[in-house]
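Peer 1: Let me give you the structure first, and then I'll get to my questions.
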Amino acid sequence: MEKVQANISTESLTNLKAFGQKDLEEFVQSLGQPAYRGRQIFKWLYEKDARTFEEMTDLPKDFREELRGQAYIERIEPQHLDTSQDQTVKALLPLSTGRKIETVLIPDIDERGDARRLTVCVSSQVGCAMGCRFCATGLMGFQQNLTPGEITDQVRIMEDLAQERYDMAITNIVFMGMGEPLLNFDNVSTAIDILTHEDGFGLSPRRITVSTVGLARRIKKLAVEQPRVNLAVSLHAPTDAQRSAIMPVNQSTSTDLTALREAIEFYTAETGRSVTYEYCLFKGVNDSHEDAQNLADVVSWAPSKVNIIMYNPVEGLNFERTPEAQLHTFLETLVERGVTVTVRRSRGDDIDAACGQLAVKDEA
Ligand code: SF4
């Protein structure tokens, strides 16, 4: 069980939502119970969203009593919800440490006002150590990793909201909120197991996307340990010199474009899946005709598609949004080169919920 870092309260109780199913089995066995009791608890916690041991009616009464003395069920609740003009919702969620995270629900609404798709953008860390120059979360620095329960609670909260507002379940989960998910690998992987387990949230792994800044070794680990989820790589620049200037992670030879290429080739060979590249356009930085040509070369390494993101300026950072005319020229070049490309428009930028804007201001 040592792979999951449990939150221990001041009374030394064990946080059961720091655990996946196997860890729960080991935990109950350490209390002298059969492993299947751990599976029962798993179902109560994640499928039935139990908040107390009293609700776990198929556990013996004396075991429930013992659990009360040994463990607790952590649950995060929204402190504040903001809804943007385009119906994107940002939730501010305080953690037990007093730090806060943000989670975003992004509805894709059709002409009649019905939701076609409901995507939850979850955070995996408080702040982020990667320090990308254009990102508000990067400005916070790294503060803490989230436990599996803190990750899955974000989904639960947005699932409840989706049911309330749209009478519909969430359809997609993207690890694109605060933090670099592959730097909190074990907890993110356990959260994915919980989200996709039939006794957990029962979601299809095809609906889950893990987005990374491009940590080569951990992309390979993901390919081996979670081959069924989608991979998105934040590329944002097509040459080492340009990428290193805006993304410090690229400055190491273990995570530069050469290392990334090798990792992507491994990923596609291992999983048989294509990769999505995120490419945020910054005016005068990475949006020239030559940049588009270089980008087409980079993404031809392996089966892929490119998501072009229109930047939402962050206060205090010196990046601007690329004008529409330049966007069109850039897209034309990519399409001529046979690149599969889509454009992601700003969502929720009036409530600072868009890509790169997540940062808990009163914590920073
Ligand atoms: S863009 Fe992602 S990886 Fe880079 S600093 Fe922001 S949260 Fe971290």
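Peer 1: Using only the alpha-carbon atoms, how far is helix 185-196 inclined from the longest principal axis of the chain? Give it as 0 to 90 degrees, nearest 10.
Peer 2: 70
Peer 1: Mind pulling up the Rg/Rh value for the chain? Radius of gyration and Kirkwood radius, both on Cα.
Peer 2: 0.99
Peer 1: Could you order peptides 113-124, 33-44, 244-255 by the average number of other Cβ atoms within 10 Å of their residues, highest first?
Peer 2: Peptide ranking by packing, descending: 113-124, 33-44, 244-255.
Peer 1: Tally Lys/Arg at +1 and Asp/Glu at -1 over every other residue whose Cβ is under 14 Å from the Cβ of K17; what's the total?
Peer 2: -3
Peer 1: Please list 285-292, 15-22 highest first by mean number of surrounding beta-carbon atoms within 10 Å per residue.
Peer 2: Highest-to-lowest ranking by the protection proxy: 15-22, 285-292.
Peer 1: How about K43: which lysines have a C-alpha closer than 18 Å to its C-alpha, ignoring those fewer than 8 places off in the same chain?
Peer 2: K17, K22, K61
Peer 1: Hey, another quick one. Provide the per-residue ³J(HN,Hα) series for the stretch 129-144, in order, calculated from phi with Karplus coefficients 6.51, -1.76, 1.60 and θ = phi - 60°, each as a whole number of Hz, with x at glycine and proline positions.
Peer 2: 8, 6, x, 4, 5, 9, 10, 5, 5, x, 5, 6, x, 7, 10, 6
Peer 1: From the phi of every residue in the stretch 313-322, what ³J(HN,Hα) in whole Hz does the Karplus formula 6.51 cos²θ - 1.76 cosθ + 1.60 yield, where θ is phi - 60° and glycine or proline is x?
Peer 2: Once θ is set to phi - 60°, the couplings for the stretch 313-322 become x, 10, 3, x, 10, 8, 10, 10, 6, 5 Hz.
Peer 1: Round to the nearest 0.05 the FRET efficiency obtained for K305 and Y36 when R0 = 51 Å and r is the Cβ-Cβ distance.
Peer 2: 0.75
Peer 1: Please work out the Kirkwood hydrodynamic radius for the stretch 1-137, using every pair of different C-alpha atoms, and report it in angstroms with one decimal place.
Peer 2: 17.7
Peer 1: Next question. Per residue of the chain, what 222 nm ellipticity follows from adding -39500 (n - 2.57) for every DSSP H run with n ≥ 4, rounded to the nearest 500?
Peer 2: The helix contribution divided over the chain gives -10500 deg cm²/dmol.
Peer 1: By its C-alpha gyration tensor, with a ≥ b ≥ c as the square roots of the eigenvalues, how is the stretch 14-72 shaped: rounded for a/c under 1.5, else prolate for a/b larger than b/c, else oblate?
Peer 2: Rounded, since a/c falls under 1.5.
Peer 1: To continue, here is another question. Which angle from 0 to 90°, rounded to the nearest 10, does the C-alpha axis of helix 61-70 make with the longest principal axis of the chain?
Peer 2: Taking the Cα atoms of the chain, the angle to 61-70 is about 60 degrees.
Peer 1: What's the ranking of 149-156, 163-170 by average number of surrounding C-beta atoms within 10 Å, highest first?
Peer 2: 149-156, 163-170
Peer 1: I would also like to ask the following. In whole Å, what is the distance between the alpha-carbon centres of the stretch 293-337 and the stretch 11-25?
Peer 2: Taking the Cα centre of the stretch 11-25 as reference, the centre of the stretch 293-337 is 43 Å away.
Peer 1: So what is the relative contact order for the chain, in percent, with contacts set as C-alpha pairs under 8 Å and at least six apart?
Peer 2: 15
Peer 1: If amide H atoms are built 1.01 Å from N in the plane of the peptide, which residues on other chains or at least 5 residues away come under 5 Å of the amide H of V343?
Peer 2: Those qualifying (amide H under 5 Å, at least 5 residues apart or on another chain) are I308.
Peer 1: Give the angle, between 0 and 90 degrees and rounded to the nearest 10, that separates the Cα long axis of helix 289-299 from the longest principal axis of the Cα atoms of the chain.
Peer 2: Helix 289-299 sits roughly 40 degrees off the main axis of the chain.
Every read-out reported here was derived from the displayed coordinates using simple, explicitly stated rules and does not represent laboratory data. No experiment lies behind these values; they were computed from the predicted model shown. Virtual Cβ from ideal backbone geometry, glycine too; neighbours counted across all protein chains shown.
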